[in-house]
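K.L.:
Sharing a structure with you now.
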Amino acid sequence: MRSARRIAALPPYLFAELDRKVSEAKATGVDVISFGIGDPDRPTPAHIVEAGQKAMADQATHQYPSYYGMPEFREAVAAYYDRRFGVTLDPATQVLPLIGSKEGIAHLATAFVDPGDMVLVQDPGYPVYQTATMLAGGGTFSIPLNEENDFVPRLDRIPQLSVQASKVLWINFPSNPTSAVCTPEFMAGAVKFCAGNDLLLAHDAAYVELTYDGYTAPSALQAPGALDTAIEFGSLSKTYNMTGWRVGWVVGAAPAVEAIGRVKTNIDSGIFNALQRAGITALEGPQDCIQENIAVYKRRRDVVVDALNASGIPVGAPKGAIYVWVPVPEGQTSVGFCQFLLDEVGVVVAPGSGYGHHGEGFVRFSLTLRDDRLDEGMERVLKAMKTS
Ligand SMILES: *Cc1c(COP(=O)(O)O)cnc(C)c1O
């Protein structure tokens, strides 16, 4: 049999070799501690689980859901935008539920990218923006993120030819993998830049509720004119520890929301209604669970940052997301440093090079592992750095 060329063209899975080494280490009895995966370890709050259980027992939820989601769920998302960001959305035309935001992020390419079209992406960044673009036959231009620009893209430095050749600009704040945050002024500038260059601004807001030290993350839709130019992807996954439930949304410019919806009606049949009801409970029920999550991640962040600084790797404390983005010691590569930590002390971190060319020279520590494991993992890292 012969698979499609577009499959062969996908970049190699950079973590495959590391995964193999981790399995090997485990097989030889090493107690591996993994900072590699960004998947909340804490449970979904009980009141949301109960709402889901109750809804699942109701036969009314058992049939095909509506393609465009339950009106009540779309209204709950619109109400959240009003409350949280002061942004008024029309639930009928500017809100579309997604089977997890990754689903819509990937389908954006089907809706906007023709073969040969180009898309601007942050580098390092979440790999889906690039791979989905490639699957649609398009290509990406990297916008380099580095310490000099505080890991926030300098839109004025993107070559004019790249801008002219592109249809979409992807941004993601707070960012995966760098945990960088941005200002409302940056968002306003991005909207203006996209409006002036006939680009769709696509903002991935997966971590918008997970912020620290008094920082609050803006929505791209708060910027003037955003509802003509921008869409934003949101998700219950990280905010409410619901990665397994697959509930997210895209909101913003109606023509873009409609285009993604049109792709979806031909491919999937929406989110199980019981999960949408649980999603309404998440958005409209008590919100102290978010503050609890933030407190847990903040403590972990401080443990990781303190241990790294104590071991001679200078890092600042990130103001958002659930990662610490760490420069590797002088003279090492991302993958080399990952292997060193695995071989020396059985600790797994993600190589920055897996998130793009400009991620080389960094590794990502995720904060989504149990407190006792995280504490022990950082003691091991300290020990590895002292003896090296
Ligand atoms: C986790 C994550 C998502 C996605 O999540 P869903 O579970 O598909 O809603 C989207 N973007 C980034 C950058 C992420 O890290």
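Nothing in this text is a laboratory measurement; each read-out follows from the coordinates by a stated rule. Source: prediction; values computed, not measured. Here Cβ is always computed from backbone atoms with ideal geometry, including for glycine, and neighbour counts include all displayed protein chains.
K.L.:
Could you state the number of Å between the C-alpha centres of region 169-196 and region 79-100?
P.N.:
So the separation of the two Cα centres works out to 19 Å.
K.L.:
Right, here's the next one. For region 347-388, just list the percent of Cα-Cα distances falling in each 10 Å bin from zero outward, please.
P.N.:
It works out to 26, 44, 29, 1, in whole percents.
K.L.:
Is region 1-67 rounded, prolate or oblate when judged by the Cα gyration tensor, a ≥ b ≥ c being the square roots of its eigenvalues, rounded requiring a/c under 1.5 and prolate requiring a/b larger than b/c?
P.N.:
oblate
K.L.:
Next up: Mind checking which of ALA223, VAL181, GLY279 is farthest towards the positive end of the chain's charge dipole, using Cβ charges of +1 (Lys, Arg) and -1 (Asp, Glu) about the Cα centre?
P.N.:
GLY279
K.L.:
If you don't mind, there's one more thing I want to ask. Taking 0.36 nm per residue of sequence separation and subtracting the Cα-Cα distance, how much length would be gained by fully extending the chain between ASP90 and HIS62, in nm to one decimal?
P.N.:
This chain segment gains 7.4 nm when fully extended.
K.L.:
For a footprinting-style exposure proxy, rank ASP19, ASP213 by other Cβ within 10 Å, fewest first.
P.N.:
Final ranking by Cβ density, sparse to dense: ASP213, ASP19.
K.L.:
What distance in nm lies between label points placed 7 Å from Cα along the C-beta direction at ASP213 and GLN339?
P.N.:
With each label placed 7 Å out from Cα toward Cβ, I get 3.5 nm.
K.L.:
Collect residues whose amide H, placed 1.01 Å from N in the peptide plane, falls under 5 Å from the amide H of THR211; neighbours closer than 5 in sequence don't count.
P.N.:
Hits under the 5 Å cutoff: none.
K.L.:
Something else: Using only the alpha-carbon atoms, how far is helix 288-310 inclined from the longest principal axis of the chain? Give it as 0 to 90 degrees, nearest 10.
P.N.:
30 degrees
K.L.:
Next question, about the same structure. For helix 184-196, what angle does its Cα long axis make with the longest principal axis of the chain, in degrees from 0 to 90 and rounded to 10?
P.N.:
60 degrees
K.L.:
If Rh is defined by the Kirkwood formula over all Cα pairs and Rg also comes from Cα, what ratio Rg/Rh do you get for region 46-284?
P.N.:
0.96
K.L.:
Also: Just to be sure I understand: of the beta bridges DSSP finds with both ends in region 46-284, what percent are antiparallel, rounded to 5?
P.N.:
Close to 35 percent.
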